[in-house]
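Report on one structure; see the data block that follows.
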Amino acid sequence: MTAVAEKVAAPADVAPAVAAPTDVANPEASASHGTPVCRCRQPHDLEQMRRDGAQIGDRVSIHPAAIIDHPEKLILGDDVQIGPGVCLNCAGGIEIGARTILEAGALILSTTPRIPTDGSRIAENGVRNELVRISEDVLLGAGSVLKPGDYIGKGAILGPNCVVRFGLQEYKVVAVAEPLHKGNRMGAMYAE
């Protein structure tokens, strides 16, 4: 079962977690399809990712089994934790605020194929790249999915295996369980 959150636009006064990149390095390309990928070894070499153009805050932890493509378009705030099997598709840009946790298998897509409406083939229509922004103090549960253009507000919690449709407001909680729990993090609804 999958929960879907309502559409939320990023507030105009919300600044990026870290300043936007100004100079992009020429990352090594994958032999299979020409996509720049993080060539980090175990553990992830944060200094190499910085040299490739990623902007990474202090005390960031990235599990060796995480997959990051286009690291030059990645911005991570301080104390971000990225778990095993997390996949960050950064082609359209991903900004993750301080103290955010991405649990195992979370998927963040900042690019997606354009879907044709004229009967032409999907592969012939290119891709759509859009920035994904996650504010500070956010928890993305195991297997959760964000798509291009999504915005997650400060303090929000997206439970395991949930898909955000367009975004999530500040301190909102979306979770699938028996029974379905949906509430505000600042209230008593989300309790262990």
Ordering of 61-68, 116-123, 79-86, 94-101 by burial proxy (mean other Cβ atoms within 10 Å per residue, highest first): 94-101, 79-86, 61-68, 116-123
Estimated inter-spin distance, R128 and D78, nm [label 7 Å along Cα→Cβ]: 3.7
Consider a paramagnetic label point 7 Å from the Cα of I67 along Cα→Cβ; state which residues of segment 81-96 have an amide N under 18 Å from it. 82-94
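Where a number appears in this text, it was derived from the coordinates with a stated rule and is not lab data. What you see is a predicted model; the values in this text were computed from it and never measured. Using ideal geometry, Cβ is built from the backbone for each residue, glycine included, and neighbour counts are taken over all protein chains shown.
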